Amino acid sequence: MKNNLKFFWDVLKDTFKEWNNSSASKDSASLAYYAIFSIPGLLIIIIWIAGNFFGEEAIRGEISSQISGIMGTDVAKSIQDMIAGALIDKENIFMKVVGIGSLVFGSTTLFFQLQHSLNTLWDVESAPKKAFVKFLIDRANSLGMILVLGFLLMITMILSSLISLLNNWITSYFGYETYMLVEVINFAIGLAVVMLLFALMFKVLPDVRIRWKSVWKGALLTAVLFTLGKFLLSLYFAQFKPTSAFGAAGTIILIMMWINYSCMLIFFGAEFTKVYTLKKGYPIIPSKHAKWSEAKLYEESMKDKNSQA
């Protein structure tokens, strides 16, 4: 037990050092910029997917409720307006095709750019001869992440609906203690859903083959930090209203602040996964559409020269 704690602490220290020396802050700021253009398309596609099961109005209400709980009602309303402004004319077939294409391209851009940043972290890059195939695969993976988001949103809605229906009955027949236990279970399920999302990001998006064991460790740490940070940021936004000085642009700035923070955590979790994998001695292999970066190859060659000397 003691050795495990020491190992975890060593990994955490090395992770912070590598993360602090990386381009995480710059990449997070870039992704926050891309997110502004990706959010409308991303949310519309999620609404279409989940709306087939629960109705579009119910899904919109759930998304609005989640955003409102984190960043306030003004931001939730602004995002609703963004979605309304991006809705597709379903009567005109040509505009429908063009609109869906632009939505898919725009919504996948955020994950596409996130993938490039994760590849930089893992020291891999696209193989030049497979660039076009790699581009299509990357877009497909990004669209897949959006489908996963829609699926996880549906699971969360189902569980939340069941628990809200059972709350009064549980309190009446089993007492307040049982109700609190159910709430704890609900929180744990929510944490598990977020952890699953991060695990898929770390496993699917970067062009490296790594063990699930490393991925789950990084995803758990990221999910815990994300959940804690979400709570603290929601309090900060509610109490101090940091964007009030920016007027009409305040909503956009608030969204960018939130995305920037979330991406910083994602990069920290990915860096933890990398450091954990290296310290455990697990193999790291580029995917068949990628190769080691020039910087990585140079670093390995210098290590070989030093070892021979």
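The values are calculated or read from the model by the stated rules, or taken from the named source; none is laboratory data. Nothing here was measured: the structure is a model prediction, and the numbers come from that model. A quick note on method: Cβ atoms are made from the backbone with ideal geometry, for glycine too, and the neighbour counts reach across all protein chains shown.
Quick one: what pairs do we get from segment 226-240, first residue surrounded by 11 or more Cβ atoms within 10 Å (Cβ to Cβ), second β-branched (Val, Ile, Thr), C-beta under 8 Å, 6+ apart or different chains?
Final answer for the pair search is 226/194; 227/194; 230/70; 233/70; 234/70; 237/70.
Okay, residues lined up against (1) within 14 Å of residue 259 (Cβ to Cβ); (2) in a loop (DSSP other than H, G, I, E, B); (3) in contact (Cβ under 8 Å) with a residue 24 or more places away in the chain:
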{"site": "13", "(1), (2), (3)": "no, no, no"}
{"site": "34", "(1), (2), (3)": "yes, no, yes"}
{"site": "42", "(1), (2), (3)": "yes, no, yes"}
{"site": "49", "(1), (2), (3)": "no, no, yes"}
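Got a sec? Which of 254, 220 is at pLDDT 90 or above and not in a loop (DSSP other than H, G, I, E, B)?
Selected residue: 220, the only one of 254, 220 that is at pLDDT 90 or above and not in a loop (DSSP other than H, G, I, E, B).
What number goes with the only condition from (1) farther than 11 Å from residue 272 by Cα; (2) without any contact (Cβ under 8 Å) to a residue 40 or more places away in the chain that residue 22 does not pass?
Result: residue 22 fails condition (2) only.
Across segment 163-216, which residue is modelled with the highest pLDDT among those that are surrounded by fewer than 16 Cβ atoms within 10 Å (Cβ to Cβ) and not in a helix (DSSP H, G or I)?
209
Determine whether segment 263-284 contains at least one residue that is at pLDDT 80 or above, touching a strand residue (DSSP E or B) at 6+ places or on another chain (Cβ under 7 Å), over 22 Å from residue 221 (Cβ atoms) and among the aliphatic types (A, V, I, L, M).
no
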